[in-house]
Protein chains: 2
Amino acid sequence: MKINVVKRVLNANDLVAQDNRKKFKQAQVLAVNFISSPGSGKTTLLEKTIQKLLPDEKSIALVGDLQTTRDAERLAPGALQATQINTGMSCHLYANQVADALKTLPLAKADYLFIENVGNMVCPGEFDLGENLKVVLLSIPEGDDKVAKYPTIFRAADLVLITKIDLMGALSFDLKRIQDDLAKLNANVPLIQLSSLKGDGMVPWIQWLKAQRRKGIGAQAKFVTEE
Amino acid sequence: MKINVVKRVLNANDLVAQDNRKKFKQAQVLAVNFISSPGSGKTTLLEKTIQKLLPDEKSIALVGDLQTTRDAERLAPGALQATQINTGMSCHLYANQVADALKTLPLAKADYLFIENVGNMVCPGEFDLGENLKVVLLSIPEGDDKVAKYPTIFRAADLVLITKIDLMGALSFDLKRIQDDLAKLNANVPLIQLSSLKGDGMVPWIQWLKAQRRKGIGAQAKFVTEE
């Protein structure tokens, strides 16, 4: 009897991503890929997060943008290193861009690698960078219909952050709608509401992040199963 | 003496776009491609615009989204027809998706074709749909650094709309920064500030739109030069 074993054929990007993931594991670094529209607050959140993790835990920031180095400049204070990747015409990061950056990053000294993807709700979800976790941000001004309209990325999310909740009163935003739509796509995904500006929600967010890193480094569960 | 004439080789998308543009011209329809991040207010603006143009001028709405038909449903009241194109995994519309839709649209009865692209600041700018004009929206909550960070789309814009200006007081947003960055990329592009919700800026916006249509149909200037 012949048994056909169907294996997922890894494409070039996936192969590089796999190699990145090995490097993160060796360095015991938790790599987190931050994905959202432009202006959802990725950089502000990372600024605050990097500061909150200090002095115990150290972070590297890797930022993708079509142009400018503004975000890396904003993240440099507090980070072990902040590197900007200019993607030119590409609306997402590729694994090989991360691999190239890794050559110059002090990974062995870091606890976290925060990868801020290009602002885009679609393509960043389709390109594995080797990250351990995908965090998807949705800000209140973007509206409560976005989970249903951009299902790919919300299905892939390990955590959904509802950002800019200080604007909740000023704008009509139905959180129940978000939760109902998420329940259909990604039933057990945790959701945290926060305001990087006012500080609300920062405690559970940092706790979640630290717990993920402990899990990864302790049992190596996440790190191992993803290889 | 041999003269080499270098022509831009049109790709498959451009050829279909060219054909779409011919159809718009024949029907004397002004086709406008609306591009922005998710949640910048494209659909709300179109809802109000379609209503404001009535009863003299009639519109068709063509809406791109990964999934759902919510936007087309919102635009149906007032429009001659509202058609949703579900793009699945694609983060932008292609010209052939517009061409397919045109087969069933009452183009001859319309004055405007409003194409709402998938929410994305990058790729929609790289794919010609045959439209006469590109309108790029940027909402106040997205932040005043976005022109410099997404130069491709702002360079291609025929008009920049700063939306949700009712939030200008609540959020820090430096309009001067936007204007300075635009001056470097696309010096003569007009900029209109508006709030679809409160109505501010709707008058100059509708005037601009009507003037563009008159220009196109009168001298056929825009329509002709783009062929």
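The values are calculated or read from the model by the stated rules, or taken from the named source; none is laboratory data. None of these values were measured; they are calculated from a predicted model. Note that each Cβ is placed from the backbone with ideal geometry, even for glycine, and that neighbours are counted across all protein chains shown.
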Out of (1) outside any helix (DSSP H, G or I); (2) modelled with pLDDT of 95 or more, the one residue B:206 does not meet is (1)
Looking only at residues that are of a type in the set (Asp, Glu) and either more than 13 Å from chain B (Cβ to nearest Cβ) or in a loop (DSSP other than H, G, I, E, B) (or both) in region A:40-72, which one is farthest from residue A:142 (Cα to Cα)? A:56
If we keep only residues of region B:150-166 that are within 25 Å of residue A:167 (Cβ to Cβ) and more than 12 Å from chain A (Cβ to nearest Cβ), then the residue farthest from the chain's Cα centre (by Cα) is B:165
Residue A:37, sole failed condition from (1) modelled with pLDDT of 95 or more; (2) surrounded by fewer than 18 Cβ atoms within 10 Å (Cβ to Cβ); (3) part of a loop (DSSP other than H, G, I, E, B): (2)
Restricted to region A:172-199 and to residues being loosely packed, with under 15 Cβ neighbours inside 10 Å and charged (D, E, K, R), the residue farthest from the other protein chains (Cβ to nearest Cβ) is A:176
Consider residue A:170 against the criteria (1) aliphatic (A, V, I, L, M); (2) out of contact with any Pro (no Cβ under 8 Å at 6 or more places or on another chain); (3) in contact (Cβ under 8 Å) with a residue 24 or more places away in the chain: it satisfies all of them except one. Which criterion is unmet? (3)
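Return the only residue of A:169, A:130, A:143 being more than 7 Å from chain B (Cβ to nearest Cβ), farther than 19 Å from residue B:145 by Cβ and buried (at least 21 other Cβ atoms within 10 Å of the Cβ).
Only one candidate passes the filter, namely A:130.
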Restricting to region A:53-92, name every residue that is surrounded by 18 or more Cβ atoms within 10 Å (Cβ to Cβ) and in contact (Cβ under 8 Å) with a residue 60 or more places away in the chain. A:53
